[in-house]
Amino acid sequence: MIRYLLGFLLVAVSAHTATLWYLPRLAMNTAMSRLEASGPANQWIHVPPTDETSRRVVRPSPDLLYSVCLLDLSDGPVRIRAADWGDYMSLSLFAANTDNVFARNETRAGGDIEIEVSAGQGGDVGLGSDRGIALIRRLAPDDARIARADTVRRENDICEAVSER
Amino acid sequence: MGALIRWLATLALALIAGVGSALWLAGWTPLDPPGLFRSIEVNRWTSDPAIGSETADPYTRAYVARRGLLGLRREEATYYLRAVDDEGAALRADCAYVIEGAVPDARWWSVTLYAGDYFLAQNGDDAHSIDASRAVIGADGRWRATLQASDPGDGSFWISSRNAGEFDLLYRLYNASDAVLETPETALVTPDIIRLGCRGEDAT
């Protein structure tokens, strides 16, 4: 009886731990697969204004305009620029386990936010994984600001492999 | 043969228990897990300072992955969640509420309504949130909005709960002050949610 109990505990704890490790990666992989269907890696996808049809990632804000770049660092670092547009903006990076390894807004950056991201320790930010997500949030709760932010992001945001420069 | 069957049954039960308990405790089932996203509670609004952080424990990280993926770390934004009104009853689309509060000490704030699937309610009303740039601050220093399934038509700010079923509200604070981050229990002002009445009962 003791053998069965010990076997039960060993397998249950192992399965529990493995599941907890896997769930964040599953969520990120699902999000990244959805992004992959919208465009290639290392290139901004300028997401349309958020409404109830925005169902790629849970709890989107209808007051923020999002741009997202699927990061693939397996062939080297990626250069990112989030262009200042005169209102709130942040650039954030998420590793494959969901950790928000970097977040900076335009005030702290003093204007454009420009960084070089690598998988390991090189560059300005080490993501800690080969793949991840870069996300720009711009505060745009009305049509006028949406139009202005959209113009700036399409003209000046950059997400590209450094080797392409 | 009998021992083999007993071992297989034991291992199958262990797998079910291990995976099932992880899914539940990490918030990946419809049932709310105990304790998670509740390390800070202010006026029934709950949060967790470890969101997005490398120091988040495995349960918090898995919870955020399911219910708040791509959330920012606290230095940039903090998130407070609430699913009940001021009397502790679940927020429902067939009830009407007034939500009101003072202006928090943050660069920007918003309150957004999410349906039970964690997405914006599918109603076409384009009235999912109120934020610092649109809220009208009254003479008493407070902003107000009507939260119900139909436009109140009285000039008040409307947040639509149509087609939301049982829903929750997410209070976002961007670049909150150090006081709000360090001592939210005393420094953070949170919105009140006053139930006006529900379909099938007299308004109170």
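The values are calculated or read from the model by the stated rules, or taken from the named source; none is laboratory data. Predicted model, so just to flag it, every value in this text is computed and none were measured. Every residue, glycine among them, receives a Cβ derived from its backbone with ideal geometry; neighbour counts consider all protein chains shown. Side chains are part of the model used for accessible areas, which takes the heavy atoms of the whole protein and leaves out ligands, DNA and RNA. Shrake-Rupley method; radii C 1.70, N 1.55, O 1.52, S 1.80 Å.
For the range B:40-113 and the range A:89-165, write down the distance between their C-alpha centroids in whole Å.
After rounding, the separation between the Cα centres reads 24 Å.
Given the peptides B:149-159, A:41-51, arrange them by the average over their residues of other C-beta atoms within 10 Å, most packed first.
Highest mean packing first, the order is A:41-51, B:149-159.
Placing unit charges on C-beta atoms (Lys and Arg positive, Asp and Glu negative, everything else neutral), compute the dipole magnitude of the range B:81-150 about its Cα centre in debye, rounded to 20.
180
How long are the three semi-axes of the equivalent ellipsoid for the protein assembly as shown, computed from the Cα gyration tensor as the root of 5 times each eigenvalue, in whole Å, largest first?
35, 31, 18
Tally up the carbon and sulfur contribution to the accessible surface of chain B as a whole percent, 1.4 Å probe, everything protein left in place.
Ligands and nucleic acids excluded, carbon and sulfur reach 56 percent.
Kindly express, to the nearest 10 degrees and within the range 0 to 90, the angle between helix B:2-25's C-alpha long axis and the longest C-alpha principal axis of chain B.
Taking the Cα atoms of chain B, the angle to B:2-25 is about 10 degrees.
Which ³J(HN,Hα) values, rounded to whole Hz and listed in residue order, are derived for the range A:82-87 from phi using the Karplus coefficients 6.51, -1.76 and 1.60 in 6.51 cos²θ - 1.76 cosθ + 1.60 with θ = phi - 60°, glycine and proline given as x?
10, 7, 4, 9, x, 9
Under the definition of Cα pairs under 8 Å and six or more residues apart, what whole-number percent is the relative contact order of the range A:67-122?
Once normalised by length, the contact order is 42 percent.
For helix A:143-156, what angle does its Cα long axis make with the longest principal axis of chain A, in degrees from 0 to 90 and rounded to 10?
So the inclination is approximately 80 degrees.
Top mean-square fluctuation among A:Leu23, A:Leu71, A:Leu127, Gaussian network model of chain A, C-alpha springs under 10 Å?
Taking springs between Cα atoms under 10 Å, the residue moving most is A:Leu23.
Under 5 Å between amide hydrogens, which residues at least 5 positions from B:Phe157 or on another chain qualify, with H placed 1.01 Å from N in the peptide plane?
Residues meeting the criterion, in which the H sits 1.01 Å from N, are B:Thr146.
How much accessible area per residue does chain B have, in Å², with a 1.4 Å probe?
On a per-residue basis, 45 Å².
Accessible area per residue for the range A:91-152 in Å², computed with a 1.4 Å probe and the full protein assembly in place, what is it?
38
How far is helix A:2-36 tilted, in degrees, relative to the longest principal axis of the Cα atoms in chain A, given as a value from 0 to 90 rounded to the nearest 10?
Roughly 20 degrees, rounded to the nearest 10.
Using each residue's phi in the range B:132-142, evaluate 6.51 cos²θ - 1.76 cosθ + 1.60 at θ = phi - 60° and report the 3J(HN,Hα) Karplus result to the nearest Hz, with x for Gly and Pro.
Listing the rounded values in order: 4, 7, 10, 5, 9, 8, x, 4, 8, x, 10 Hz.
State the percentage of accessible surface on the range A:66-164 attributable to carbon and sulfur atoms; use a 1.4 Å probe and exclude ligands, DNA and RNA.
Whole-percent figure for carbon plus sulfur exposure: 39.
In whole Hz, what ³J(HN,Hα) sequence does the range B:177-184 give by Karplus (6.51, -1.76, 1.60; θ = phi - 60°), x for Gly and Pro?
For the range B:177-184, the Karplus-derived couplings read 5, 4, 5, 5, 6, 8, 9, x Hz, x marking Gly and Pro.
Taking springs between alpha-carbon atoms closer than 10 angstrom, which of B:Ala12, B:Ala65, B:Ala179 fluctuates most in the Gaussian network model of chain B?
Of the options given, B:Ala12 has the highest mean-square fluctuation.
Using Cα pairs under 8 angstrom and six or more residues apart, how large is the relative contact order of the range A:1-128, in percent?
19
Taking the Cβ of A:Leu71 as the center, what net charge do the other residues with Cβ under 12 Å away carry, scoring Lys and Arg +1 and Asp and Glu -1?
Once all neighbours under 12 Å are counted, the net charge is -4.
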